[in-house]
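Down below is the structure, laid out as structure tokens.
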Amino acid sequence: MAAIKVVVTGASGKMSREVLAALVNDPETEPVGAVSQSATEEYLALPDGDRIPLSKDLEALLARVKPDVMVDFTSAAYAVPAARQAIAAGVRPVIGTSGLAPRDVEELQALCATARLGGVIAANFALGAVVMMHLANVAARFFDYAEIIEMHHEAKADAPSGTAIATAHAMAEARGREFVTAPTLKETLPHPRGSVVEGIPVHSLRLPGLMAHQEIVLGSQGQTLRIRHDALNRECYMPGVLMAVKEVMNRSEMVVGLDKLLGL
């Protein structure tokens, strides 16, 4: 069986370089091209010593190398038009970029459905993080109060994280209604309880020494329940990325959330 041909966008980013290394090391996948807006060379060296075409122009690269899948870990402003170009070229998008608006997700779902192409959009590709969110959904039915603390490295651009927002929405959906937010009678500084999503205060930490961490704290009379996931390096996302790259080849629709691929 031929290897799945993959183009990776944002090739100068740390996450995209990790994706390229994972693709090289998996016998079922083959990186065939990369996109970077800061590209100054025509080729990109891979960890195994091979080279692949490197371009600023995604549309031209897709036409040149004819991949099966495009993996995107860039920004919402870039990921959506890139996915449109990929789908138009018959290429299946796998998107790990956070911050996509609901209308953008709906648009890409419709485009994949029309083209009968598989695709994946996931707020988090770490399998442990997906299980964490699933366990939080189970627990949400039994608690009225919850708060989320998400912690990331100091260079993360967005806050709160896409995973934290997705977790809060999913918990409220599982519960069937918003959570109860404990009232603050006097705020001595603005927004002391963080951003509130579905009644759940979400707190963001940005510090050197952190990678990606999230803790969900649920409370009721006389007890608390804590569910936590710690991503210690970017390698933890690669099993989920590779799973998505392979799974989209067997689908004809856009899947939102890695939990759908895990059967949760």
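Couple of notes before you dig in:
- Look at the range 169-182: where a residue is in contact (Cβ under 8 Å) with a residue 12 or more places away in the chain and surrounded by 15 or more Cβ atoms within 10 Å (Cβ to Cβ) and a partner is assigned to a loop (DSSP other than H, G, I, E, B) and of a type in the set (A, V, I, L, M, F, W, C), sitting 6+ places away or on another chain with Cβ atoms under 8 Å, you get Met171/Phe179; Ala172/Phe179; Phe179/Phe143.
- Applying the criterion of at least 3 residues that are in contact with a Phe, Trp or Tyr (Cβ under 9 Å, 6 or more places away or on another chain) and in the same structural domain as Met243 (by TED's automatic domain parsing) to the strands (runs of 3 or more DSSP E) found wholly in the range 1-104 leaves 51-55.
- Here Ala155 clears all of (1) surrounded by fewer than 21 Cβ atoms within 10 Å (Cβ to Cβ); (2) hydrophobic (A, V, I, L, M, F, W, C); (3) in a helix (DSSP H, G or I) except the condition numbered (3).
- Restricting the range 133-152 to residues that are part of a helix (DSSP H, G or I) and in contact (Cβ under 8 Å) with a residue 60 or more places away in the chain leaves a set whose member that is surrounded by the most Cβ atoms within 10 Å (Cβ to Cβ) is Met133.
- Some residue of the range 42-50 being surrounded by 20 or more Cβ atoms within 10 Å (Cβ to Cβ), of a type outside the set (Phe, Trp, Tyr) and in contact with a helix residue (DSSP H, G or I) (Cβ under 6 Å, 6 or more places away or on another chain): no
Condition check ((1) in contact with a Gly (Cβ under 6 Å, 6 or more places away or on another chain); (2) among the acidic types (Asp, Glu); (3) on the phi > 0 side of the Ramachandran plot; (4) modelled with pLDDT under 95) across all residues:
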position: Leu135; (1), (2), (3), (4): no, no, no, no
position: Ala166; (1), (2), (3), (4): no, no, no, yes
position: Glu178; (1), (2), (3), (4): yes, yes, no, no
position: Ala182; (1), (2), (3), (4): no, no, no, yes
position: Leu189; (1), (2), (3), (4): no, no, no, yes
position: Ile200; (1), (2), (3), (4): no, no, no, no
position: Thr224; (1), (2), (3), (4): no, no, no, no
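- Only one of the listed residues (Val217, Val241, Val248, Val255) is surrounded by 14 or more Cβ atoms within 10 Å (Cβ to Cβ) and not assigned by TED's automatic domain parsing to the domain that holds Val19. That residue is Val217.
- Residue satisfying condition, being touching a Pro at 6+ places or on another chain (Cβ under 6 Å) and touching a residue at least 24 places away in the same chain (Cβ under 8 Å), within set Val245, Val241, Val202: Val202
- Per this entry, Glu187 is not counted among residues that are surrounded by fewer than 16 Cβ atoms within 10 Å (Cβ to Cβ) and touching a residue at least 12 places away in the same chain (Cβ under 8 Å).
The values are calculated or read from the model by the stated rules, or taken from the named source; none is laboratory data. On a predicted model such as this, the values are computed, not experimentally measured, just so you know. Neighbour counts run over all protein chains shown; Cβ positions are idealised from the backbone, glycine included.
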